[in-house]
Every structure is written in structure tokens, then in C-alpha cells.
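These notes concern the structure reproduced below.
The values are calculated or read from the model by the stated rules, or taken from the named source; none is laboratory data. All figures in this text were calculated on a predicted structure; none of them were measured in a lab. Please note: Cβ atoms are built from the backbone with ideal geometry, for glycine as well, and neighbour counts cover all protein chains shown. Protein only, heavy atoms only, side chains kept; ligands, DNA and RNA dropped before computing areas. Shrake-Rupley method; radii C 1.70, N 1.55, O 1.52, S 1.80 Å.
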Amino acid sequence: MTTEVKVPTLGESVTEATVGELLKNVGDAVAVDEPIISLETDKVAVEAPSPVAGVIKEFKVGVGDTVEVDAVIAVIEEGAAPAKSSGGDAPKAAAPDAGVEKAAPAQAKEASGSDASQTLSPAVRRAVLEHGVDPSTIKGTGKDGRLTKEDVIAAAEAKKSGGGASAPAASSAPTSTGGERREERVKMTRMRQTIAKRLKGAQDNAALLTTFNDVDMSAVIEARNKYKDLFAKKHDIRLGFMGFFAKAACLALKDVPAVNAYIEGDEIVYHDYVDISVAVSAPNGLVVPVIRDAQDKGFARIEKDIADFGKRAKEGTLTMDDMKGGTFTISNGGVFGSLMSTPIINPPQSAVLGLHRIEDRPVVVNGEIVIRPMMYIALSYDHRLIDGREAVTALKIIKEAIEDPTRMLIDL
């Protein structure tokens, strides 16, 4: 008996997705609810599970195909046993029409470059191109032996240091240092296409402007160093910088409500709550899950939310609901080493706070030059709604709260 696998519900108002990766091969055994296909929507990756236990008989789609909700994407032979390769011609007789796709998973992963690239996720393909390694020579550590981005980076590091892992690549494939120049065209993922459209739309539709300030991080660093162990022991979470900036932003948005509003038609929509979108790096691009009602949450709850978002972003398990809404965004480019930037707002929001790296710099305090840990902060905003005075005031409130965290406790 065969069972059809269909595209699951993808979220409110989401009707189609792109096939990002086939997680199994034809002929592979699958358990109930085991993922077999990864689907990419505008915002998240969704895995389609098998509704029954059995063997994959056929895939109706390929990587890169666009599919709609409830479309048939695979067929499962219920209760069938997978073909075994131990004896004579038995495997060929078991499923003569399976063809190349029925090759053992390990052999499929070690196929030549063009075949292997069809089973690589977008993030792994990008890493392969960036580091110039041959994926067919790398042993995958992911599920079912699939390559991960970390596998590619480790192989690249081994290649640079002259380790053994680079030897197969050097002997089996030409390197880019021998005079040969390569190009490869990789179709943009649906998420990357959406990011591109939204960011370009923000530039086209909003009157973007950025105001800057710098912050002395001494007080926050001192507070973290003093209480981090007690905080971790009590709340089972590390005390980070984002909690401080989230609470400081809540103070600023309360005092300057236009920064927490947005334009809809010829009306301005104000919020009496703060839902902070936190920019998080995921394998397929930047995602912005939302901390709901940040104004009512303490440091521990905010830090736990952020840690959970980061973990699930790497795993690809964030949902559409996690990223729905948001009234204000915080983007921390400092974790990647950025000194200063002009972040782009996340429509329909009207403002975004950009954080940057902390570095010791000479500053004047009480007429003396001293060395302090400083951070540049930036507030990009829609000038149609937010006046320069309001934007500067909001950023100044954030600066003052970070430099004197007691303000956050007494709502000053």
C-alpha cells in the first residue's frame, strides 16, 4: 500500500514554498514523522515528515521546484523493507526502476561534484564556493551523513594547514590556484529573494535616515562581571548585553512613541506595547524572531527568549509565528566585528537600532583622557513619521540607560 506525502500547512497567508533539500533518497527507509524534504518559505525552512513508516518509492519534486500547500511531493511504500546490497543481483531485482537514486547514501554523498551539489543545502553550497573545497572528498557529520557548513569550514582549515583532509581534494580535483577560474550560478533561495525584496522595498518606500551616538559600556560590563555567576545560577541563562539594550529600548519607545509606530495608508498606528524583533543569523539568511511584550519582561526572560531564538535559527525550527509582527528591531552587527553601520528598517516598522563591536578608545571624562570600552550605536528611522529631534532623543535615552543601568530599574 502506498501513501502520498503532501506539503504541510506553511503558516498564515503562506500558500507555496520552494524545495530546498531532499533529506532522503529513493529506496531509503523512513519512520513515522521522520522528515524527508526541507521546504523553504519566505521566512523559514519547514520540514515535511513522512505520515507512515515504510520506504520512499518516489519523489514527485526536485530541489528548486515551487510547490503549493497540499501538493503531493513524495510517495511512501508502507511497511516495505529497504533493499539490501549483500548478495548477488538481489538489490537490482528488488527495485529495477530506482536507478541511480537508489545508490547507497554513503555512495551518493561521495559522488562527483555535479551529483553531490544537488544534495547540498544552500548554506553548504555557499560555503563550498567561498572556501574552494571539493564536497565529494568531505565526510559529512550531519543527519544521514549529509554535509554541514561546519564540515566544509573544517575541511578548508585542514587544507590551509596542509592536513591530511586536504590530500584527496588536491589529487582528485583541480584547484583554483592553478590558473583555472571557475564560476557557478546558484539560484537564490526563496528566503534570500524575500530579504532582497523587503530591504529594497524599505529603501524605495521609506525616507530613511540614520543618527549615531557612542556608548560607554563600562557600567554594563561591570554589572555583568559582578552578577553573571549569580544570574546564571538563579536563572539558568547567561547574562548578555542584548537584555540591557532591549530594556533600554523599551524606555526610549515609551518616551518617544513615534519610534514604536508605523504608517498605514494615511494613518499612523501607535502601540502601547513593545514587540522587539531581534535579528538572528540563520543558515539561509537573516531572520527576525520577535520578543513579545518586552516592556513587561525581565532580563532573564528576555535572555532566554534570545538564546532560544538563536538555537532554533541554527536548527531551522523557527516558525512563521515566531517572526510575525514586531514593532521595533535590534540588530547586533558587533558579533561579526562591525564597527559602524546604517541598518535598514524592517517594514512596516519605522526604526531599527544597530549595535556594534566594543573596543577600547580614548575619551574625555571630567577633563581627562581615559580609556573606556566604547560602542557606536545607530538608529535608522523613517523620516516620514519620525522627526530628527525624536530620533536623536530616543537614541540618547538608550545611551543614558546603558551608561547608567539604574535608570532601567527606576524607569527614568
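The set of residues from the stretch 232-263 being out of contact with any helix residue (DSSP H, G or I) (no Cβ under 6 Å at 6 or more places or on another chain), assigned to a helix (DSSP H, G or I) and over 23 Å from Leu208 (Cβ atoms) comprises Ala232, Lys233, Lys234, Phe241, Lys254.
Tell me whether the stretch 176-190 contains one or more residues that are touching a residue at least 40 places away in the same chain (Cβ under 8 Å), within 30 Å of Met374 (Cβ to Cβ), crowded, with 19+ Cβ neighbours inside 10 Å and in contact with a helix residue (DSSP H, G or I) (Cβ under 8 Å, 6 or more places away or on another chain). Within the stretch 176-190, not a single residue is touching a residue at least 40 places away in the same chain (Cβ under 8 Å), within 30 Å of Met374 (Cβ to Cβ), crowded, with 19+ Cβ neighbours inside 10 Å and in contact with a helix residue (DSSP H, G or I) (Cβ under 8 Å, 6 or more places away or on another chain).
Taken over the stretch 258-294, the criterion of being closer than 30 Å to Lys234 by Cβ and open to solvent by 60 Å² or more (accessible area, probe 1.4 Å) is satisfied by Tyr273, Ser281, Arg292, Asp293. Evaluation of Val370 against the conditions (1) part of a strand (DSSP E or B); (2) out of contact with any Lys or Arg (no Cβ under 8 Å at 6 or more places or on another chain); (3) closer than 27 Å to Val256 by Cβ shows that the sole unmet condition is (3).
Conditions (1) touching a Ser or Thr at 6+ places or on another chain (Cβ under 9 Å); (2) within 24 Å of Thr66 (Cα to Cα); (3) at pLDDT 70 or above; (4) part of a helix (DSSP H, G or I), marked per residue:
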{"residue": "Ala111", "(1), (2), (3), (4)": "yes, no, no, no"}
{"residue": "Thr141", "(1), (2), (3), (4)": "yes, no, yes, no"}
{"residue": "Pro174", "(1), (2), (3), (4)": "no, no, no, no"}
{"residue": "Met188", "(1), (2), (3), (4)": "no, yes, yes, no"}
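Restricting the search to strands (runs of 3 or more DSSP E) fully inside the stretch 6-69 and requiring at least 3 residues that are over 23 Å from the mean Cα position of the chain (by Cα) and not small (Gly, Ala, Ser) gives 54-59.
Out of the stretch 329-348, which residues are closer than 29 Å to Val14 by Cβ, of a type in the set (A, V, I, L, M, F, W, C) and open to solvent by 50 Å² or more (accessible area, probe 1.4 Å)? Within the stretch 329-348, Ile344 is the sole residue that qualifies. Scoring Gly326 on the criteria (1) open to solvent by 50 Å² or more (accessible area, probe 1.4 Å); (2) closer than 17 Å to Val274 by Cβ; (3) in a loop (DSSP other than H, G, I, E, B) leaves a single failure, condition (1).
Screening Arg198 against (1) among the basic types (Lys, Arg); (2) part of a helix (DSSP H, G or I); (3) exposed (fewer than 14 other Cβ atoms within 10 Å of the Cβ) leaves a single unmet condition, (3). Scanning the stretch 373-386 for residues that are in a strand (DSSP E or B) and either among the aromatic types (Phe, Trp, Tyr) or open to solvent by 50 Å² or more (accessible area, probe 1.4 Å) (or both) yields Tyr376, Tyr381. So for the stretch 230-238 (the condition being modelled with pLDDT of 95 or more and within 25 Å of the chain's Cα centre (by Cα)), does at least one residue qualify? Checked the stretch 230-238: no residue is modelled with pLDDT of 95 or more and within 25 Å of the chain's Cα centre (by Cα).
Can you find a residue that is closer than 28 Å to Ala45 by Cβ and open to solvent by 40 Å² or more (accessible area, probe 1.4 Å) anywhere in the stretch 349-363? Checked the stretch 349-363: no residue is closer than 28 Å to Ala45 by Cβ and open to solvent by 40 Å² or more (accessible area, probe 1.4 Å).
When restricted to residues that are open to solvent by less than 50 Å² (accessible area, probe 1.4 Å) and free of Cβ contacts under 8 Å to residues at least 60 places away in the same chain, the stretch 210-236 contains 2.
Just one of the listed residues (Ala196, Ala202, Ala246, Ala207) is under 22 Å from Tyr381 (Cβ atoms) and in contact with a Lys or Arg (Cβ under 7 Å, 6 or more places away or on another chain), namely Ala207. Scanning the stretch 5-15 for residues that are under 18 Å from Gln193 (Cα atoms) and open to solvent by 70 Å² or more (accessible area, probe 1.4 Å), we see that the one that is modelled with the highest pLDDT is Thr15. Checking each residue in the stretch 265-280 for being farther than 15 Å from Arg384 by Cα and part of a strand (DSSP E or B) picks out Ile276, Ser277, Val278, Val280. Since Gln349 meets every condition but one in (1) over 30 Å from Glu150 (Cβ atoms); (2) touching an Asp or Glu at 6+ places or on another chain (Cβ under 9 Å); (3) in a helix (DSSP H, G or I), which condition does it not meet? Single failed check for Gln349: (3). When we screen Ile369, Ile398, Ile306 for residues that are at pLDDT 95 or above and either surrounded by 15 or more Cβ atoms within 10 Å (Cβ to Cβ) or within 23 Å of Glu264 (Cβ to Cβ) (or both), the only hit is Ile398. Restricting the stretch 313-323 to residues that are of a type outside the set (D, E, K, R) and not in a loop (DSSP other than H, G, I, E, B), the residue that is surrounded by the fewest Cβ atoms within 10 Å (Cβ to Cβ) is Met320.
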